[in-house]
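K.L.:
Below are the C-alpha cells for one structure; questions will follow.
The values are calculated or read from the model by the stated rules, or taken from the named source; none is laboratory data. Source: prediction; values computed, not measured. Cβ placement follows ideal geometry from the backbone for every residue including glycine, while neighbour counts extend to all protein chains displayed.
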Amino acid sequence: MEQALRLALDEDALERCMRCGFCQSACPTFRVTGLEAASPRGRIALMKAAYDGFMAADSDFVGQMELCLGCRACEPACPAGVPYGRLIEQAREAIAKGRKQPLRARLAGKILMEGVIARHGVLRGAGRVLRLYQRSGLRAAAHRLGVLRALPPHVREMEASLPEASGRGVIREWLRRGLPARWETDDQGRRLLVVPAEGERAARVGMFRGCVMDVLFLSTNVNTIRLLRAAGFEVVIPEGQKCCGALHAHAGRSAFARRLAADNAAVFRAAGVDWVVSNAGGCGAHLKEYDHVLHGTPSADDGAWLSSRVKDVSELLAESGRPLRLANGAPLVATCQDSCHLRNVMRVKRQPRELMQRVPGLVLREMRDADLCCGSAGIYNVLQPEMSAALLDRKMEQVKATGADVVVTANPGCLLQMRWGIRRAGLEGRVKAVHLVDLLAERLE
C-alpha cells in the first residue's frame, strides 16, 4: 500500500501544510474525539509519514483516512490553501488499490457502485422495487414480524426515515403530468428534453438530475424545473447524463469517476446550455471540480468548460432571472443546515438564506454550528454509524434550541440525515426537514 500511496499522493500539496492547526476547530471528527490524528493536520502528517516511508500504512492509518467525513470544512479555514479534499481522495484511491479485500466484498462494491448507482435505468428499477416494498404492505409486514432486526440498528432507523421512492425519474414524471416540453437532439443524436421558460427567456440551463434525487426526491427535481421556469429559464435535461461520480471518487474509484465525468461533460457541452444547474450540494461540488478530475485526459477541455458553468439552483434563483412570486402562507420558523460541499467547495452560503428570507411569513433563526457537518457525508452514515450519530445528535440539539418548525437544507444526503435525526430526537410531528426547492415551490404563485 505504501507504494500505491507514493504514486497517488501529491507531494506538493502535502508540503503545503504549515501545521498551523487552523483546520482543527473546523473539523467535526477532531471536535468529537479531540485526537490529533482525527484532524486534517494529523491526517496529512500521517499521509506524509507513509509517503516518506517513516511509517506503515497499517490498519490505524486506514482507519483515520476512513473516519474523515470529507466535508472539507478545513479548506476555507486553511491559510495555505491546502487542497485537503484531493489529498484524502488520493489516499483512499491508494487504499482501495493496496488493500486486500475478500472477493465477495469487492464484487458487492463493484456491483453497487458501478452496476447500480452509475446506471440510471438500473437505479430507477431499484426505486420501483423500493416503492413496491413501501406501498404494498411488505414494509409494514417486515416491521410487524421483526424481519428487520437482522439489520444493524442504525440501518433500521434509517429505513424507517426513508421518503417514498419512485422509479419514473424526472423526465418521465414531467411528461406524465402533461407539462410543457419538447424533444431536441444534439449533434451526436442524443435526446434532450427541453422545458420552455415562462415568459421571456433569461438563459438556457442544463439540469443535472442526480441519482438519489431522481429516486428518493423526485418531487424536488420536478419543483426545481417549476422554479427555474418561473424565473425565466429554459431547462434542458440531457437523457444521456450519468451519475456525477462523487461517491466513486470519495471511495477511491477514481478511474471510474473520470469515465462518468467525461461522459457528463460531453453531454452537457453538446446541449448548448449557458449554465449547468444542480439541486444537490454534493453533486454540484463534484461537477464544479471536473476541471481537476479530467485534467490531463482527452476530456480536459470539456471538463474545464463544465466546471466554469456549474451553478447551484439557489445561485441562479437568487442572482439571475426574474424574482419568484411567492404567496403568503402560515407563519413559519425555519433554520438552515448548510450542505458541506455547497458551502465549502462551491462557496454558496448567502443565496439559500436570501431565498428563505423572501418567503412571506418565514422567520429565519440560525442554529449554532450550521456549517458543521451533520454526519451524512454520502454513505458515511452507513459505514461509520457511531461518529455519524454523534454528530447528528449534537446537530439536533442545536435544531431544538432554535425552536424551528422546519430544517431547510440543499442536499439529499443532508435531508435524509436530518429526517433520521428528527426521528432519533423524538421530534416527529413537531419539526420537519425540507429541501430549499420544496420550501419555495410550496409558496410559488
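K.L.:
Select from the stretch 104-128 the residues that are loosely packed, with under 12 Cβ neighbours inside 10 Å and either touching a residue at least 60 places away in the same chain (Cβ under 8 Å) or not basic (K, R) (or both) and list them in ascending order.
P.N.:
If we filter the stretch 104-128 for residues that are loosely packed, with under 12 Cβ neighbours inside 10 Å, which is where we start, we get 104-105, 121.
Across the stretch 104-128, the qualifying residues are A105, G121.
K.L.:
Has the stretch 374-396 got at least one residue that is free of Cβ contacts under 8 Å to residues at least 60 places away in the same chain and not in a helix (DSSP H, G or I)?
P.N.:
Yes; the residues of the stretch 374-396 include at least one that is free of Cβ contacts under 8 Å to residues at least 60 places away in the same chain and not in a helix (DSSP H, G or I).
K.L.:
Here's a follow-up. Restricting the stretch 158-174 to residues that are closer than 17 Å to R139 by Cα and surrounded by fewer than 16 Cβ atoms within 10 Å (Cβ to Cβ), which is modelled with the lowest pLDDT? Write out each step before concluding.
P.N.:
To start, the set of residues in the stretch 158-174 that are closer than 17 Å to R139 by Cα comprises 158-166.
If we keep only those that are surrounded by fewer than 16 Cβ atoms within 10 Å (Cβ to Cβ) too, we end up with 160, 162, 164.
Working: A160: 88, L162: 91, E164: 93.
Top of the filtered list is A160.
K.L.:
For the stretch 386-397, indicate whether the set of residues that are over 22 Å from the mean Cα position of the chain (by Cα) and either surrounded by fewer than 16 Cβ atoms within 10 Å (Cβ to Cβ) or at negative phi (or both) is non-empty. Give the steps one after another, and end with the answer.
P.N.:
So in the stretch 386-397, the residues over 22 Å from the mean Cα position of the chain (by Cα) come out as 397.
Now restrict to residues that are either surrounded by fewer than 16 Cβ atoms within 10 Å (Cβ to Cβ) or at negative phi (or both): 397.
Yes: one or more hits.
K.L.:
If you scan the stretch 263-277, which residues turn out to be aliphatic (A, V, I, L, M), assigned to a helix (DSSP H, G or I) and either within 19 Å of the chain's Cα centre (by Cα) or closer than 20 Å to M346 by Cα (or both)? Give the steps one after another, and end with the answer.
P.N.:
Taking the stretch 263-277 as the starting set, the residues that turn out to be aliphatic (A, V, I, L, M) are 265-267, 270-271, 273, 276-277.
Narrowing further to those that are assigned to a helix (DSSP H, G or I): 265-267, 270.
A265, the sole residue that qualifies.
K.L.:
Kindly check whether there is at least one residue in the stretch 336-346 that is closer than 28 Å to R156 by Cα and surrounded by fewer than 24 Cβ atoms within 10 Å (Cβ to Cβ). Lay out the reasoning, then the answer.
P.N.:
Narrowing the stretch 336-346 to residues closer than 28 Å to R156 by Cα: 336-341.
Add one more test, that the residue is surrounded by fewer than 24 Cβ atoms within 10 Å (Cβ to Cβ), and what stays is 336.
Within the stretch 336-346, one or more residues are closer than 28 Å to R156 by Cα and surrounded by fewer than 24 Cβ atoms within 10 Å (Cβ to Cβ).
K.L.:
For the stretch 131-191, give me every one of the helices (runs of 4 or more DSSP H) that falls completely inside it and has 2 or more residues that are within 23 Å of the chain's Cα centre (by Cα) and over 16 Å from N223 (Cα atoms). Step through it out loud before you land on a result.
P.N.:
Working: elements: 138-145, 153-161, 169-176.
It comes to 153-161.
Yes/no matrix, rows are residues, columns are (1) part of a helix (DSSP H, G or I); (2) assigned by TED's automatic domain parsing to the domain that holds A80; (3) of a type outside the set (K, R); (4) surrounded by 14 or more Cβ atoms within 10 Å (Cβ to Cβ):
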site	(1), (2), (3), (4)
L7	yes, yes, yes, no
R19	no, yes, no, no
R41	yes, yes, no, yes
I44	yes, yes, yes, yes
M47	yes, yes, yes, yes
M55	no, yes, yes, yes
D60	yes, yes, yes, no
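K.L.:
Then there's this: So, in the stretch 194-212, of the ones that are touching a Cys at 6+ places or on another chain (Cβ under 8 Å) and hydrophobic (A, V, I, L, M, F, W, C), which residue ends up surrounded by the fewest Cβ atoms within 10 Å (Cβ to Cβ)? Even if it seems obvious, please write down each step before you answer.
P.N.:
Of all residues in the stretch 194-212, those touching a Cys at 6+ places or on another chain (Cβ under 8 Å) come to 208, 210-211.
Restricting the remaining residues to those that are hydrophobic (A, V, I, L, M, F, W, C) gives 208, 211.
Numbers: F208: 28, C211: 22.
Per the criteria, the residue is C211.
K.L.:
OK, next. Mind checking which residues of the stretch 75-88 are buried (at least 21 other Cβ atoms within 10 Å of the Cβ) and either among the acidic types (D, E) or outside any loop (DSSP other than H, G, I, E, B) (or both)?
P.N.:
Y84, G85, L87, I88 - these are the residues of the stretch 75-88 that are buried (at least 21 other Cβ atoms within 10 Å of the Cβ) and either among the acidic types (D, E) or outside any loop (DSSP other than H, G, I, E, B) (or both).
K.L.:
May I pose another question? Kindly indicate whether G199 is touching a residue at least 40 places away in the same chain (Cβ under 8 Å), in contact with a Lys or Arg (Cβ under 6 Å, 6 or more places away or on another chain) and assigned to a loop (DSSP other than H, G, I, E, B). Explain how you work it out, then say what you get.
P.N.:
Values: touching a residue at least 40 places away in the same chain (Cβ under 8 Å): yes; in contact with a Lys or Arg (Cβ under 6 Å, 6 or more places away or on another chain): no; assigned to a loop (DSSP other than H, G, I, E, B): yes.
No: the conditions fail for G199.
K.L.:
Pairs, please: C-beta under 7 Å, at least 6 apart or cross-chain, first residue within 13 Å of C23 (Cβ to Cβ) and free of Cβ contacts under 8 Å to residues at least 40 places away in the same chain and in the stretch 63-84, second among the hydroxyl-bearing types (S, T, Y) and surrounded by 21 or more Cβ atoms within 10 Å (Cβ to Cβ)?
P.N.:
C68/T29
K.L.:
Answer yes or no as to whether E15 is exposed (fewer than 14 other Cβ atoms within 10 Å of the Cβ) and either assigned to a helix (DSSP H, G or I) or out of contact with any helix residue (DSSP H, G or I) (no Cβ under 8 Å at 6 or more places or on another chain) (or both).
P.N.:
So E15 passes the test.
K.L.:
Condition first: over 29 Å from A370 (Cα atoms) and either touching a residue at least 40 places away in the same chain (Cβ under 8 Å) or not charged (D, E, K, R) (or both). Now tell me which residues in the stretch 294-321 satisfy that.
P.N.:
L294, H295, G296, T297, P298, S299, A300, D302, G303, A304, W305, L306, listed by residue number.
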